[in-house]
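The next block holds one structure in the form of structure tokens; read it before the comments.
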Amino acid sequence: MQFYKEYVNQAIKDLGFKQLTEIQEIVIPEALKKRDIIGCSQTGSGKSHAFLIPVFERLNESNPQVQTVILSPTRELALQLYDAVVHIASFSETPIDIRLYTGGKDRAREMERLKKHQPQIVIGTPGKVYDLAIKENLLKIYTAQQLIIDEADMALEIGFLDDIDAIARTMPKSLQMMVFSATVPEKLKPFLRKYLEKPFEVNIEDKSLSSLNITHRFIRVLDEEDRDRGLFKWVEQLNPYLCLIFANKKENVDRLAKTLYQKNENVVALHGDIPPRKRKQILKDINRLKYQYVVASDMASRGLDIEGVSHIINYDLPKDMAFFVHRIGRTGRMGASGETISFFTGKDAHAFEFIEKHNIKIELKGTKPPMKQTTKKRTSKPSIKKDTKPTRKKRR
């Protein structure tokens, strides 16, 4: 695994990458050929560095113009990409101007800075980039050679496709466009046909799903009351390192988090109605081990990089099973084992059709959980080894 630029090699070594992931092996050579790309893969597959490495390999560090624009649907995801870009750039002897454009920042200051000089790499949410590039005509994205759209299906769901379309229209015809998404919904296809020329397509979802080191338990329940009983029984016994509990409705996210808190669990709710500043603090607290349980909606947690997830509980199965992929992909990463517990009713036949199609091995269980797991006291995250189920000290 050797790249043309030495500082890129140094950054990859610093990250501890011993070999490329599957999507990186496939995408990087094609991206370096300047091909348009559609990449489908799950969270945790190494997708970000599959496009970031080619960005730096193609970057002209001495050119002070905008060369790459990376669009991400949420502030949190954009910030994660920004941190990854800054990390790679930190190994370059030549300074690289990288700027993050999301809501909640000092807009006047951003505009004044753009009047003086342009960034070389832009990372931002579609709405903010549209504001500075199209409405204000200050961010000169028409000089870019690459446009990367991350989590494109999520951007579509949130309603950013019109902004992205307007941004793409102002960019040169020679532009290389790379679009990464968990799925490619029908409503996204006209946009892809409009802007991508004979794109190289890669989809590694099927293989990665069956190869994750995860035990899947499916528990049949009769109704919501029965589902609640089952959930709380499992929570009493699991004692996980970090458990994400997914619910389809925001109301259930709040209700379950409140009930678990009353049961003396270290728990927090995460959904789209939580103000951005508070969400940011919650994410910091999660990674600082303040919480053992996170009750979340799909949209609030999509693509977020939360480390050390040992258990996933699906309070209910998503109507769109593409979200099931996002959920389970947060555990069983990097050789570590994980466990998912999913509650279902007789109305969830569609879920099992999806699961059978994707060769996911499952265990059908009653609502009775195993004996309570013991735990060693911990004050920091352990290194997770294969076939171990990390636990941590409960704290308030």
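Laboratory data are not the source of any read-out in this text; all were calculated from the coordinates shown. A quick note: this is a predicted structure, and the numbers were derived from the prediction, not measured. Positions of Cβ are backbone-derived with ideal geometry, glycine not excepted, and every protein chain shown enters the neighbour counts.
Before moving on, here are some points about what is shown:
- Amide H contacts under 5 Å for ILE148, placed H, 5+ residues apart: VAL69, ILE70, LEU71, MET178
- Percentage relative contact order, the chain, counting C-alpha pairs under 8 Å, at least six apart: 18 percent
- Set of aspartates and glutamates near LYS347 by C-alpha distance (under 12 Å), chain-local residues within fewer than 8 positions excluded: ASP223, ASP316
- In a simple Cβ point-charge model (Lys, Arg +1; Asp, Glu -1; nothing else charged), the chain has a dipole of about 1500 debye relative to its Cα centre.
- Considering only GLN262, PRO119, TYR101, and ranking their Cα positions along the charge dipole of the chain that arises from unit charges at the beta-carbon of Lys, Arg, Asp and Glu, the one farthest toward the positive end is GLN262.
- Cα gyration tensor category, rounded, prolate or oblate, for the chain with a/c compared to 1.5: prolate
- The chain - mean residue ellipticity at 222 nm from DSSP helices (-39,500 (n - 2.57) per run, n ≥ 4, rounded to 500): -11000 deg cm²/dmol
- Hits among aspartates and glutamates - C-alpha to C-alpha of LYS115 under 16 Å, sequence gap 8 or more where chains match: ASP97, ASP106, ASP131, GLU136
- Here's the list of aspartates and glutamates a cross-link from LYS173 could span, going by alpha-carbon distance under 17 Å and ignoring same-chain residues fewer than 8 apart: ASP36, ASP165, GLU197.
- Placed amide H near THR215: partners under 5 Å, 5+ positions off or other chain: GLY338, GLU339, THR340
- Less than 5 angstrom separates the built amide H of THR183 from those of ASP153, all sequence-distant by 5 or more or on a different chain.
- For the range 8-38, applying the loop criterion from DSSP together with a ceiling of 14 other beta carbons within 10 Å to the trypsin sites (Lys or Arg not before Pro) yields LYS18, LYS33, LYS34.
- 28 Å Cα-Cα threshold exceeded, pairs from LYS198/LYS280; LYS233/LYS361; LYS233/LYS258; LYS13/LYS33: LYS198/LYS280
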